[in-house]
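No lab work stands behind these numbers, since they all come straight from the coordinates. Keep in mind the model is a prediction, meaning the values are calculated, not measured. With ideal geometry, Cβ positions are generated from the backbone for all residues, glycine too; neighbour counts draw on all protein chains shown.
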């Protein structure tokens, strides 16, 4: 059979593979939304130079721990778990608005809504990939400013 090999949904699988492996769209999304999520990065994922994992620069930063670092600390108190659950519920709300914005009838997403899926990724899978894709790296000091959603 002649002609180009066509894959899923009549697409060029080889071209899609190249595009996906470059993570061009995801890289751009991470960079464009970094101003929203940068202050919400797990402090253990973004260890400051010379510090060891477990370094928490301020009391509020413990609320930003990702799932892996929360689990790595062993049993946490109920107040911390409730605060983390509240933070995740806020991410879920913004993620719902982002999802709705991608439909015909959905309202436009805010910048904080756009950042919500990066925050969800960071919480569940760690922040190394979003930091890398945004052109940042672990070891850079965590910004002190807070972004309010």
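Contact order, relative form, for the range 8-133: 33 percent (alpha carbon pairs under 8 Å, 6 or more residues apart, mean separation divided by residue count). In this entry, the range 8-133 is assigned a mean projected area of 10.1 nm², taken as a quarter of its C-alpha convex hull surface. Taking N as the residue count of the range 78-123, its C-alpha radius of gyration divided by 2.2 N^0.38 Å amounts to 1.27.
Once both labels are positioned 7 Å from their Cα atoms along Cα-to-Cβ, the gap between residue 89 and residue 24 label points is 4.2 nm.
Once both labels are positioned 7 Å from their Cα atoms along Cα-to-Cβ, the gap between residue 132 and residue 100 label points is 3.5 nm.
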